[in-house]
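Below is one structure. I have some questions about it.
The values are calculated or read from the model by the stated rules, or taken from the named source; none is laboratory data. The shown structure was predicted, so the numbers you read here are calculated from the model rather than taken from an experiment. Positions of Cβ are generated from backbone atoms using ideal geometry, with glycine treated the same way; all protein chains shown enter the neighbour counts. What goes into the accessible areas is simple: the full protein's heavy atoms, side chains included, and nothing from ligands, DNA or RNA. Shrake-Rupley method; radii C 1.70, N 1.55, O 1.52, S 1.80 Å.
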Amino acid sequence: MASSGPAKTGTTMLVFLLVTVPLTLAQVSGASVQATAAAEAAINVFKQQGWDRLSLSEQDFSFCKMKPPVNCASGASFETVVSTIKGSLVTKWAARSCYSYIDTGCAKVNAGGSCASQLPAGGAFSMAYDGAALDSIAKVKEQIMLTGGVLTSLAMSQQAFKALSNNETGANGAYARAEDLSRAAVAGVVMHAVFCYSWWDNPRNTSDGYWLCKNSWGTQWALKGSFRVAYGAANIMQPSYTFALQYKPSAANQRVQAIKQQLKAGIKLDSDYQGCVLYTPSQPQRIIKLVDDLALLGANTGEKGSVWCWGLDQRFKGLLSNSAAPWQVQGLPDGNAIDVVVGAAHACALVDVRGGEVYCWGANHLGQLGQGYSNGTWADIKGSAVPLKVKGLDGVSVISLFGRTPTSTLTCAKASSQRVLCWGAAFFSFQDPIGTWYAASPLSGLCA
């Protein structure tokens, strides 16, 4: 049972529908047709191509893939759509031109049939949020940007549905009838699936806006088969029956490799801003999609707990990375790096072995590596490109690392006993009574 009463999510009003049966179990007219539209959008996003490049057969999905098949009299439930996709039952999908509305039986689309699959190699269907309904407007808009659109349903009275059929519109050319169906009999409520792929927000009025959705009534209706639905109208985007279908590489490592290739082609050191990296995609890319890719890359690059570096190394003779592309730091012991701190010309990692060990690499002219000595100068940088275990921390249970600033030559380790031990050098202003401080191996209390 869905919640009743209005609820504010972000800047958009949701009007929840109260019914006596779970809406995911309700039969929704056009559900399989709009699931096909969602699949087309997801594949086009996967292939980074225009919307007019793919046309999948609704007949194939409705009667040959969905289990159980669509009931022509009552439609299909969203639960059936979700379970079909999650159950990996869709590994082939014929083109509409090969398997049309007039075809019967599934011989043409089954294994060995004459209809070739339109699904790209290396990918697979899945449901966003593992098939859970999108329970906020923020998630709906997120999935529209990431997957091309969302599958949802209108819920309205017979009279309101007739008005929609007649393309009734209000302000902004949007269908605007809003109904409270909390006391309506289930039999009197029309559930009609649509695929929504864009939205418009009024910059002067946060409660005003509309969704742009695709209907299943042909291109002669409304806006060539699409139409606008005002926020809050027709009980659209209810959290119990709004879902997103996605098409992604069938294995995480495949997607990671694809992201790496894409980034490698467009990433370079920025010649205008020293030390910065510039990324120029080969074609326009939404920021949210780039963030999603980078999050997956960060979660799946290398072994768990490995350390990767990139950046400028003009002065440090290979002790750091000098690379716009991330590279994995070699020489850390087996275990998870649980904390990393970076200074002006060195870096240190806390590794989860033997109670917590600290390793540093880079320049050592001011004792940054914690070896008990310093070597080199700013003019003649010396140190180690291989991580060295910091000396003087044996028996200390280190829980975190920190530095004075990202450009400093000082590193400190916090122990489970709340002791703080530091090494390297700190240069304070002439007004600071501490003055200049230096230690080539960890000393206690100086950072506390």
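With +1 on each Lys and Arg Cβ and -1 on each Asp and Glu Cβ, how big is the dipole of the stretch 41-127 about its Cα centre, in debye rounded to the nearest 20?
Around 200 debye, computed over the stretch 41-127.
A further question on this structure: Averaged per residue, what accessible surface does the stretch 134-186 expose to a 1.4 Å probe, in Å²?
Numbers: 2360 Å² over 53 residues.
Result: 44 Å² per residue.
Once you have the Cα-Cα distance between residue 269 and residue 83, take 0.36 nm times their residue separation minus that, and quote the gain in nm to one decimal.
Value of the extension gain: 62.3 nm.
List the chymotrypsin sites (Phe, Trp or Tyr not before Pro) within the stretch 65-173 that fall in a DSSP loop (any state other than H, G, I, E or B) and whose Cβ has at most 15 other Cβ atoms within 10 Å.
Qualifying residues, ordered by number: 101.
When only DSSP loop residues count, what trypsin sites (Lys or Arg not before Pro) in the stretch 144-246 have their Cβ near at most 16 other Cβ atoms within 10 Å?
For trypsin sites (Lys or Arg not before Pro) across the stretch 144-246 that sit outside H, G, I, E and B with at most 16 neighbouring Cβ atoms in 10 Å, the list reads 183, 204, 224.
Sticking with this structure for a sec: Under the rule a/c < 1.5 gives rounded, and otherwise a/b versus b/c splits prolate from oblate, where does the stretch 186-273 land using the Cα gyration tensor?
Because a/c hits 1.5 or more and a/b exceeds b/c, the stretch 186-273 counts as prolate.
Another one. Given a Förster distance of 60 Å, report the FRET efficiency between residue 400 and residue 220 from their Cβ-Cβ distance, rounded to the nearest 0.05.
0.40
Moving on. Using a cut-off of 19 Å between alpha-carbon atoms, which lysines can reach residue 382, once sequence neighbours fewer than 8 places away in the same chain are excluded?
317, 391
With respect to the cross-link table entries 289/389; 67/214; 92/162; 108/260, which display a Cα-Cα separation exceeding 32 Å?
As for pairs spanning more than 32 Å Cα to Cα, those are 289/389; 92/162; 108/260.
Run the simple label-point estimate for residue 100 and residue 48 please: 7 Å along Cα→C-beta, distance reported in nm.
3.5
OK, next. May I ask you to list the aspartates and glutamates whose Cα is less than 17 Å away from that of residue 65, ignoring any residue fewer than eight positions away on the same chain?
Cross-link targets: 40, 79, 103.
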